[in-house]
1. If I ask for residues that are without any contact (Cβ under 8 Å) to a residue 12 or more places away in the chain and open to solvent by less than 70 Å² (accessible area, probe 1.4 Å), which ones from the range 89-115 would you list?
2. Please specify each residue of the range 23-44 satisfying the condition of being under 10 Å from the mean Cα position of the chain (by Cα) and farther than 16 Å from Ile105 by Cβ.
3. Which one of Ala13, Ala62 is in contact with a Ser or Thr (Cβ under 7 Å, 6 or more places away or on another chain) and at pLDDT 80 or above?
4. When the range 8-25 is examined, which residues are found to be out of contact with any Pro (no Cβ under 9 Å at 6 or more places or on another chain), surrounded by 12 or more Cβ atoms within 10 Å (Cβ to Cβ) and without any contact (Cβ under 8 Å) to a residue 60 or more places away in the chain?
5. Give me the residue from the range 26-38 that is in contact with a His (Cβ under 8 Å, 6 or more places away or on another chain) and modelled with pLDDT of 80 or more and, out of that set, surrounded by the fewest Cβ atoms within 10 Å (Cβ to Cβ).
6. Checking Val61 against (1) farther than 19 Å from Ala124 by Cβ; (2) β-branched (Val, Ile, Thr); (3) surrounded by 13 or more Cβ atoms within 10 Å (Cβ to Cβ), which test does it fail?
Amino acid sequence: SKNVNDREQSCAAFIQHPTTQLLLSKTPVGDVPTLVIPFRRTFATHLRLTHWSGPWFNVTVAWGNHREHERKDDKNRILIGLDEQFEVEWVTSEKEEGLAFRGGIWGMEGPDATSPKGAGKEGAEVWFSKV
């Protein structure tokens with residue numbers, strides 16, 4: 001169908017993008033299962049999830065400037081990893097499947113701020129459902 005084809009083309013374009021390729025070239029993908037996610041923000045362009053143990057992944061927030069340097073000018077390309085020890089749990093249950101982000105990824109502002117308690121979705125600071 002058209003939606004499946006659009007998703008496949010979008011995924012292929014993301015994988016072939018020079019910033020994604022640069023990030024993957026700096027990742028031991030042969031040794032460690034890795035997921036790379038587009039994450040367009042002011043100080044981030046990608047999230048890199050590297051497998052740690054069981055359903056747990058470590059998260060690296062990365063920023064690359066390829067959009068500013070569209071020419072094939074490798075010496076001006078920058079890739080910065082903003083690794084701040086976040087965690088991601090791949091949650092699968094009969095009800096739903098998704099990624100539960102923890103470890104201060106949302107930010108802890110204020111004297112009464114507390115992390116969510118619990119496992120899976122209930123303990124997530126940020127939750128992304130499988131689509």
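1. Scanning the range 89-115 gives Gly107, Gly110, Ala113.
2. Thr34, Val36, Pro38
3. From the options Ala13, Ala62, the qualifying one is Ala62.
4. Passing the criteria: Pro18, Gln21, Leu22, Leu23, Leu24.
5. So the first thing to find is which residues in the range 26-38 are in contact with a His (Cβ under 8 Å, 6 or more places away or on another chain), and the list is 32-34, 36-38.
This time we only want the ones that are modelled with pLDDT of 80 or more, so: 33-34, 36-38.
Details: Pro33: 10, Thr34: 17, Val36: 20, Ile37: 12, Pro38: 15.
Checked the range 26-38; the qualifying residue surrounded by the fewest Cβ atoms within 10 Å (Cβ to Cβ) is Pro33.
6. Looking at each condition in turn, Val61 falls short on (1).
The values are calculated or read from the model by the stated rules, or taken from the named source; none is laboratory data. Quick caveat, the model's predicted, so the values are computed rather than measured. Every residue, glycine as well, gets a Cβ built from its backbone with ideal geometry; the counts of neighbours run over all protein chains shown. Note: accessible area is taken over every heavy atom of the protein model, side chains too, but ligands, DNA and RNA are not part of it. Shrake-Rupley method; radii C 1.70, N 1.55, O 1.52, S 1.80 Å.
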